[in-house]
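Only one structure is covered here, and it is reproduced in the block below.
The values are calculated or read from the model by the stated rules, or taken from the named source; none is laboratory data. This one's a predicted model, so the numbers in the text were calculated from it and none came from an experiment. Backbone-built Cβ (ideal geometry, glycine too); neighbour counts: all protein chains shown. Only protein heavy atoms, including side chains, enter the accessible area calculation; ligands, DNA and RNA are left aside. Shrake-Rupley method; radii C 1.70, N 1.55, O 1.52, S 1.80 Å.
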Amino acid sequence: NALLDLISDLDKAEENKAMALQDIFRRLLEKFDQKYDKWSQAIRCIACFDALISLSKSKQIFEVNGSSSCMPEIVWDGEQVFVAKELRNATLIDTRELISNDVELQNQTLVLTGSNMTGKTTLMRSIGLAAILAQVGAYVPASYCKVSPVDRIFTRIGAYDQAMEAQSTFMVELNEAALLVNRSTKASLVLVDELGRGTSTFDGIAIAHAVLQEISQNIQCRTIFSKYFHSIIEGIQSLPISVKVDHMVEKTNKHNPT
């Protein structure tokens with residue numbers, strides 16, 4: 001009985017402790033709420049200060065191993081352009097084996113070919129990251145960069161399914177392709193990597209060619225479109241002259257477009 005009494009006293013003490021702590025927390029929030037304006041202003045100042053420090057450090061981060069960085073030139077004349085010299089991937093700065101790339105897009109669709117491990121996906125990610133960095137006012141990991149504002153960046157990169165939502169790899173691909181076709185505008189940046197891998201070869205070719213045709217003829221936004229299917233290149237002859245073809249090759253374990 002003595003033990004049961006002690007257990008009962010302990011339970012009551014725990015309940016009293018919880019109630020006391022809850023009341024303390026309530027009073028703390030009440031005091032915080034009384035000076036909400038000051039706390040909100042302090043948070044905004046700290047957030048702004050943190051962002052400015054990060055932007056100032058970006059130049060130092062991008063210039064490791066003798067690499068260069070630049071403040072991008074923003075073009076507002078309505079022309080959709082993305083030009084970069086010696087562009088590198090912002091997340092792979094410390095990788096000395098990565099060769100920089102020159103990119104020039106002016107109201108163009110660039111169809112990028114090349115075998116595995118030549119860096120097509122890395123180049124597309126580099127362009128997307130550079131566009132974001134340029135638009136937030138940060139330094140870009142390139143010796144020169146000129147870009148017009150981008151309203152949205154659409155990507156179709158990687159092959160994966162969503163089993164919990166009953167979506168196969170092919171369905172995920174088509175959903176993403178439909179999203180970029182229906183939502184992109186002339187000011188968008190579209191990055192498409194290997195569309196049509198989730199189905200048969202001929203169906204994949206048809207899907208890839210249809211999306212490429214829609215982007216180049218109707219939407220006419222800056223686009224990087226990588227593809228293994230060589231028949232896509234043959235079909236490009238019927239597309240507008242704004243479609244350009246480039247090829248990437250592997251060179252001494254480094255990536256470089258030719």
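Annotations for the structure displayed:
- Number of positions in segment 64-78 that are out of contact with any strand residue (DSSP E or B) (no Cβ under 7 Å at 6 or more places or on another chain) and open to solvent by less than 70 Å² (accessible area, probe 1.4 Å): 3
- For segment 176-192, residues that are surrounded by 17 or more Cβ atoms within 10 Å (Cβ to Cβ) and part of a loop (DSSP other than H, G, I, E, B) total 2.
- Look at segment 131-149: where a residue is at positive phi and a partner is in a helix (DSSP H, G or I) and at pLDDT below 95, sitting 6+ places away or on another chain with Cβ atoms under 8 Å, you get G137/L55.
- Residue selection: G137 satisfies the criterion of being under 28 Å from V64 (Cα atoms) and open to solvent by 10 Å² or more (accessible area, probe 1.4 Å).
- Some residue of segment 87-101 being of a type in the set (S, T, Y), under 30 Å from V211 (Cβ atoms) and modelled with pLDDT of 85 or more: yes
- Criterion (within 30 Å of T122 (Cα to Cα), outside any loop (DSSP other than H, G, I, E, B) and either touching a residue at least 40 places away in the same chain (Cβ under 8 Å) or over 20 Å from the mean Cα position of the chain (by Cα) (or both)) met by exactly one of I61, I53, I93, I43: I53
- Some residue of segment 98-109 being under 15 Å from the mean Cα position of the chain (by Cα) and open to solvent by less than 40 Å² (accessible area, probe 1.4 Å): no
- Checking segment 47-59 against the condition returns a match, with at least one residue being surrounded by 15 or more Cβ atoms within 10 Å (Cβ to Cβ) and under 18 Å from L133 (Cβ atoms).
- Entirely in segment 193-258, the strands (runs of 3 or more DSSP E) that have 1 or more residues that are surrounded by 13 or more Cβ atoms within 10 Å (Cβ to Cβ) and modelled with pLDDT under 85: 243-251, 254-257
- Residue that is within 30 Å of R197 (Cα to Cα) and part of a strand (DSSP E or B), where the choices are D151, D102: D102
- So V172, is it over 28 Å from M71 (Cα atoms), touching a helix residue (DSSP H, G or I) at 6+ places or on another chain (Cβ under 6 Å) and assigned to a helix (DSSP H, G or I): no
- Across segment 64-86, the qualifying residues are those that are assigned to a helix (DSSP H, G or I) and not hydrophobic (A, V, I, L, M, F, W, C), and the one among them that is modelled with the highest pLDDT is G66.
- Which numbered condition L112 misses (of (1) touching a helix residue (DSSP H, G or I) at 6+ places or on another chain (Cβ under 6 Å); (2) at pLDDT 90 or above): (2)
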